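The values are calculated or read from the model by the stated rules, or taken from the named source; none is laboratory data. Here the structure is a predicted model, which is why all the values come from computation and not from measurement. Neighbour counts run over all protein chains shown; Cβ positions are idealised from the backbone, glycine included. Heavy atoms of the whole protein, side chains included, go into the accessibility calculation; ligands, DNA and RNA do not. Shrake-Rupley method; radii C 1.70, N 1.55, O 1.52, S 1.80 Å.
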Amino acid sequence: MNKKLQISLLILAVLFCMPMSAQIKIKGVLHNNRYDDGDQMPNINMGWNSNLGKQISIVERGIWAMELNGDELGDPYKEPAINVEEFYEGGKYYEVKDETTGTRRGYTGGRFIDDDKALWVSDFNMMYGNSGALYVDGKIVTVMSRDESSTTDDEIFAVRKWDATTGALLTRSDLYLDLSKNIESAGMSYNPIDGKIYGIFHVTDYKLSEEQMESYVADQDDTDFGRDGVDDGWVIGTIDLKTMKMTPITPGLYYDNFVAFAINSEGRAFGITSGGASGYTGDDGKLYNANGELTGAQVIEFDLKTGLAVRNSKEVVDETTSETYIEYSYPYPPTGYSSQTKRQAACFAKSNPNKLYWIGYYNSGKGYNEWGSWSSLSDREWRTNHKYDTALYEFDLFTGNCQRVALVPNRCSFSCIWIDGDDNSDGAGIEIIGQHDNDSTLTITYNIEEETVLKTKAEKGELTLYLQPKEGWKVSQLLVNNEDNLANYANGRLTIDIQTHTVINVFFEWADTENLYTEDITGIVNIEGEDVKVQAKDGQIMVDGAAGKTVRLYTIGGSLITTAIPSEGMTGKFTVPQGTYIIQIGQKAAKITLR
């Protein structure tokens, strides 16, 4: 055979054996993004749905997808998408930018045509996993802490379970938990080898034994907080999705800042830590320390049976004392990329157990200014300075090499991600719906979402509700399991015993009587020196002369129905059912009845 022909055939054979780059779809639960000059999670106000008794808004939370083709990453898009015309018609879109309050967006003057779809849209806003999220077998579990800054022994978590295809809310539980059973995770993942869900969970009130402190990890007591001998840290554990009960495996604590966790199809588990920005950037774009070694975020493998990190060990002789000691190191080098301690996400494709996908941060929250210096800059130039940018990374388990593939448009971050149609859990038949084994649950519903502060503090079976109503309003009714508790509400707070299931309803009324015009207003209302005409007729509440002013319409119980800012020469019109309402223009308000 001709030698050239032999070489050509050999090259062709090699090419046919090489894996070709295939397009994949990465999906995830959007955790946050920071675009429009820092505006986070834009809220599009659709108005009050009287049939549902709900304010309907569109928020960018939900399920999002991106197409990855080689090293080309497409723009994120919501899937399933929210289409306004499917549930709302006849409205006019408005968008008003304000230097102080940011951009306000919404629709006015229309009507709801599909209440079921409107409810689905409202529910979708709650798909938020600030304390962790998980995709498993076509379902999603999100955990949202209701009291992140709590220093008490108890905390409330909203656990929601979803259909990952339709985005439908399946169940919701508000769990009243002792912090020693904390279910906050840096990531959770399904192990196809034993069929269990594992994660890196944050635990508190944990005391290390002397043996653990000597042979496992150095003790880091919270001495500054008067907690000698008590620690907060991270453990590998399993979680029962029916009961949300976490069982620790790690015989101690880790103190690294973990940001993501994933298990591949071989049952190998990996955690990712955040990494700093100290050092210098090499020609390859990676970070190196003063010794020329890679630094930054670290990928750590864990043994799921022991909950311990996989480490190499070698005997080292101290040059000064000649004594020998054991030196430990991780099998994989640092990634070479700095990343923040904010929530991030990672996953494997079922078809490729050796490639870890990770959506993390581009840097440690800093940016490049126009002179090329790297510092803490204003967020206004984010499109060019990379501040808070997120990126898709690929980590190769064979080589230990980490590569930044592409920036994620609009700086999107995720609380969990998975490869669409190629996840380890697909087809596993995992049941996630069940009753949690906690004794106490709590549901709080209240109105005036804008600018009303509601906080809770739970301790020793009691819950204290703190309320700071929006300016001009006061609490008019406070129901606990439909029983009036207003007499027990004082100094902005209410303390109650938590029962098996407790429902609190809070209602408000306009309290600024000096700036309240009484009902049946149809004439001239003087607002800040201008003539504003408010009328109620022909099934509508109409406002003239309020150009450029914020006009808010509330139910008589204080629930915000809609907000509008009329343009010059425009009559603001609110189509609402017959009844009594509060209309607020600037600092003035009027009680108005539509008959």
Give me the number: length gained by fully extending residue 322 to residue 398, i.e. 0.36 nm times residue separation minus the C-alpha to C-alpha distance, one decimal in nm. 23.7 nm
Give the Cα extents of segment 254-336 along the principal axes, in whole Å, largest first. 45, 37, 22
Compute the distance in nm between two label points, each set 7 Å from the Cα along the Cα-to-Cβ direction, one at residue 193 and one at residue 550. 5.5 nm
Using the beta-carbon distance between residue 593 and residue 476 and R0 = 25 Å, what value does 1/(1 + (r/R0)^6) give for FRET efficiency, to the nearest 0.05? 0.90
Which listed pairs, of 54/78; 314/355; 242/387, have C-alpha distances above 30 Å, in listed order: 242/387
Rounded to the nearest 0.05, what FRET efficiency do residue 491 and residue 430 have when you use their Cβ-Cβ distance and R0 = 51 Å? 0.60
Find the accessible area per residue for segment 262-373; the probe is 1.4 Å, ligands and nucleic acids are left out, and the unit is Å². 50 Å²
For residue 69 and residue 312, FRET efficiency with R0 = 25 Å and r from the beta-carbon atoms, rounded to 0.05? 0.10
For residue 383 and residue 266, calculate 0.36 nm times their separation in residues minus their Cα-Cα distance, and state this gained length in nm to one decimal. 38.1 nm
What trypsin sites (Lys or Arg not before Pro) does segment 307-366 have in DSSP loop regions with at most 14 other beta carbons within 10 Å? 311
Classify segment 43-106 as rounded, prolate or oblate from the Cα gyration tensor: take a ≥ b ≥ c as the square roots of its eigenvalues, call it rounded if a/c is under 1.5, otherwise prolate when a/b beats b/c and oblate if not. oblate
Run the quick spin-label model on residue 406 and residue 341: label points 7 Å from Cα toward the beta carbon, then report their separation in nm to one decimal. 3.2 nm
For a 26 Å ceiling on Cα separation, which of these pairs sit above it: 139/196; 25/161; 97/537; 161/342? 97/537
When a/c reaches 1.5 or more, the comparison of a/b and b/c decides; with that in mind, is segment 73-140 rounded, prolate or oblate per its Cα gyration tensor? oblate
With the crude spin-label approximation of a point 7 Å out along Cα→Cβ, what separation in nm comes out for residue 166 versus residue 281? 4.7 nm
